[in-house]
2 protein chains.
Amino acid sequence: MIKVLIYEDIRELREGLTMLLNGSEGFEVLAAYRNCDNVVDEVTGLQPDVILMDIDMPGTTGLEGLKRVREVNKVVKILMLTVFDDNDHVFKAITNGANGYLLKKTKPALLLEYIADAHTGGAPMTSSIATQVLQMFASMNNHKKEETFNLTERERQVLQLLVDGYSYKMIAAEKFISIDTVRSHIKKIYEKLQVNSKSEAIAKAFKNRMTEDR
Amino acid sequence: MIKVLIYEDIRELREGLTMLLNGSEGFEVLAAYRNCDNVVDEVTGLQPDVILMDIDMPGTTGLEGLKRVREVNKVVKILMLTVFDDNDHVFKAITNGANGYLLKKTKPALLLEYIADAHTGGAPMTSSIATQVLQMFASMNNHKKEETFNLTERERQVLQLLVDGYSYKMIAAEKFISIDTVRSHIKKIYEKLQVNSKSEAIAKAFKNRMTEDR
DNA sequence: TGAATTTATACATGTTTATGCGATTGTCTG
DNA sequence: CAGACAATCGCATAAACATGTATAAATTCA
């Protein structure tokens with residue numbers, strides 16, 4: 001039996017969801033609230049398995065409710081409900097520990113499946129939401145491609161050491177070369193990166209993710 | 001009619017998928033290959049709507065195939081198939097532009113739905129995969145919270161300018177303070193960050209995402 | 001109100017960087 | 001083979017930085 005808590009400000013929808021779940025095998029609605037002003041107390045008191053949380057609620061918003069619950073309970077599964085597949089909301093919900101993100105227009109049968117899914121550790125998402133998540137993800141990481149600035153292997157090594165906070169002297173010792181050689185490499189690196197100080201080179205290296213993040 | 005191209009090294013599965021799709025209303029398999037050694041030619045020649053791509057293939061791997069296709073075609077939908085919900089593969093597939101990621105054990109009926117879904121712009125994912133994606137996403141972004149190192153407002157400003165490549169002199173001019181004041185601020189910053197050079201401070205600022213990425 | 005913190009300034013000394021001009025050796029390629 | 005490039009080393013100089021020690025007004029907060 002999956003114990004569910006519902007937060008939804010629209011009465012029809014709230015009651016509809018309650019009836020749907022209570023009328024389905026394996027689901028039980030512990031309570032349904034019109035806002036999440038007391039969400040922490042309610043969750044700790046009732047100990048639900050899954051929470052359906054509307055995002056767009058007056059007063060304490062669903063995102064705020066999500067945060068509050070997560071502060072005291074990391075295991076309860078929280079599914080966000082919304083009418084819009086709004087990019088910003090999706091992002092915030094995910095980074096705040098939501099387990100899934102569903103559009104309200106999801107069909108009842110699917111909804112039940114999604115809830116069960118979340119309960120067993122899945123992360124159900126309406127596919128339009130998933131698309132957004134993938135795009136965000138891809139855009140974040142595509143950052144790091146290309147732009148090697150035609151550095152030679154040796155230059156890359158030297159730059160890496162610079163980024164790691166080594167002085168010329170230390171680089172020389174590390175690589176068994178003279179400090180003058182280090183200088184000449186670094187001069188070349190500056191040319192290629194089009195900078196003229198260690199700081200700028202390091203900043204550029206980080207911005208272009210050219211270095212080994214340790 | 002959704003035109004599908006299949007890449008799968010296991011004959012039974014390849015033929016099974018072909019039969020399933022050809023026997024279903026609205027789907028047509030253009031071809032099914034055992035490897036993606038010639039994937040670019042095949043895709044440009046046949047112009048499919050959706051590609052089912054096995055990840056674990058001998059020879060040219062599915063990830064490699066994905067990359068090659070994406071170099072010449074940004075619109076065709078590519079669904080990755082795999083037996084394992086391996087973290088690393090999922091990550092690479094996503095950042096290389098896959099539209100969805102399915103486990104091979106997905107039921108036939110669902111598979112058809114997923115393909116149609118991808119065709120209309122969705123990003124179908126087995127929910128266990130989705131869970132991983134969300135976790136990766138959350139962990140990436142939680143990076144940037146906290147760890148302000150108790151820098152004062154002024155110190156933060158100075159650090160920001162350092163990161164932007166300003167010299168002491170330039171910072172002094174920018175902030176209308178003397179260079180000696182800049183020195184003392186920076187000395188304090190080093191103490192708090194527990195570093196002892198500009199380079200290390202900058203690196204630490206980037207690693208902790210304390211600065212404004214411009 | 002009084003103590004602590006932040007912000008500001010000053011001076012001195014030694015270290016590190018940035019940059020210029022050269023020069024030698026080996027490798028690769030047209 | 002000649003020319004391009006990578007990697008190495010040397011020397012010189014001016015600028016920038018790191019660090020220590022001191023002082024003091026302004027602000028914050030218990």
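To the nearest 20 debye, what charge dipole does the protein assembly as shown have about its Cα centre, counting +1 at the Cβ of each Lys and Arg and -1 at the Cβ of each Asp and Glu? Mind dumping the intermediate values first?
Numbers: 56 positive and 60 negative charges, 429 e Å.
Around 2060 debye, computed over the protein assembly as shown.
Can you give the Kirkwood hydrodynamic radius for chain B, in Å, rounded to one decimal and based on Cα pairs? Could you put the intermediate results ahead of the total?
Details: mean 1/r = 0.0485 Å⁻¹.
For chain B, inverting the mean 1/r across all distinct Cα pairs yields 20.6 Å.
Hey, what does the equivalent ellipsoid look like for region B:145-207, semi-axes from the Cα gyration tensor as sqrt of 5 times each eigenvalue, largest first, whole Å?
On the way: eigenvalues 67, 27, 23 Å².
In descending order the semi-axes read 18, 12, 11 Å.
At residue A:26, label 7 Å along Cα→Cβ: distances to the other copies, nm, ascending?
The projected label point of residue A:26 is separated from its counterparts by 2.5 nm.
Any idea what the relative contact order of chain A is, in percent, if you count C-alpha pairs under 8 Å spaced at least 6 apart?
Working: 269 pairs, mean separation 28.7, N = 214.
Relative CO of chain A lands at 13 percent.
Add +1 for every Lys or Arg and -1 for every Asp or Glu among the other residues with Cβ under 10 Å from the Cβ of residue A:35, and state the total. Don't jump to the answer; show the numbers that get you there.
Values: positive: A:34; negative: A:8, A:9, A:37, A:54.
Overall, the nearby charge balance is -3.
Ignore the peptide's own chain and count Cβ atoms of other chains within 10 Å of each Cβ in B:88-97; give me the average, rounded.
Numbers: counts 0, 0, 0, 2, 1, 1, 6, 10, 4, 4.
Per-residue shielding by partner chains comes out at 3.
Provide B:19, A:53, B:57 in ascending order of the number of other Cβ atoms located within 10 Å of each residue's Cβ, fewest first.
Details: B:19 11, A:53 25, B:57 21.
Sorted ascending by nearby Cβ count, the order is B:19, B:57, A:53.
Taking the Cα centre of region B:145-207 as origin, work out the dipole magnitude from +1 charges on Lys and Arg Cβ and -1 charges on Asp and Glu Cβ, in debye rounded to 20.
Working: 12 positive and 9 negative charges, 17 e Å.
Result for region B:145-207 is approximately 80 debye, rounded to the nearest 20.
Quick check on my link table: of A:169/B:198; A:175/B:192; A:175/B:207; A:204/B:207; A:67/B:204, which ones sit more than 19 Å apart, alpha carbon to alpha carbon?
Listed pairs above 19 Å: A:175/B:192; A:175/B:207; A:67/B:204.
Over the residues of the protein assembly as shown, compute the C-alpha Rg and express it relative to 2.2 N^0.38 Å. List each step's numbers first, then the result.
Values: Rg = 26.6 Å, N = 428, 2.2 N^0.38 = 22.0 Å.
Rg over 2.2 N^0.38 Å, computed on Cα atoms: 1.21.
Add +1 for every Lys or Arg and -1 for every Asp or Glu among the other residues with Cβ under 10 Å from the Cβ of residue A:5, and state the total.
Values: positive: A:3; negative: A:42, A:49.
Summing Lys/Arg as +1 and Asp/Glu as -1 gives -1.
Please report A:55, A:10 as a ranked list, fewest other C-beta atoms within 10 angstrom at the top and most at the bottom. Intermediate values should be presented prior to the final figure.
Values: A:55 23, A:10 14.
By the 10 Å Cβ count, ascending: A:10, A:55.
Using only atoms on other chains, find how many Cβ atoms lie within 10 Å of each Cβ of peptide A:193-205 and report the average. Can you show the working numbers first?
On the way: counts 0, 0, 1, 1, 4, 5, 10, 5, 3, 10, 9, 1, 3.
Mean inter-chain Cβ contacts per residue within 10 Å come to 4.
If we hang a label 7 Å off Cα along the beta carbon direction at residue A:121, how far is it from the matching labels on the other copies, in nm, shortest first?
Its label point is 3.5 nm from the equivalent points in the other copies.
Dipole of chain A, Cα-centred, from +1 at each Lys and Arg C-beta and -1 at each Asp and Glu C-beta, to the nearest 20 debye? Walk me through the numbers before you get to the answer.
Details: 28 positive and 30 negative charges, 261 e Å.
With only Lys, Arg, Asp and Glu charged at Cβ, the dipole is about 1260 debye.
Coordinate-derived values only; no laboratory data. Quick caveat, the model's predicted, so the values are computed rather than measured. Note: ideal-geometry Cβ built from the backbone for every residue, glycine included; neighbour counts use all protein chains shown.
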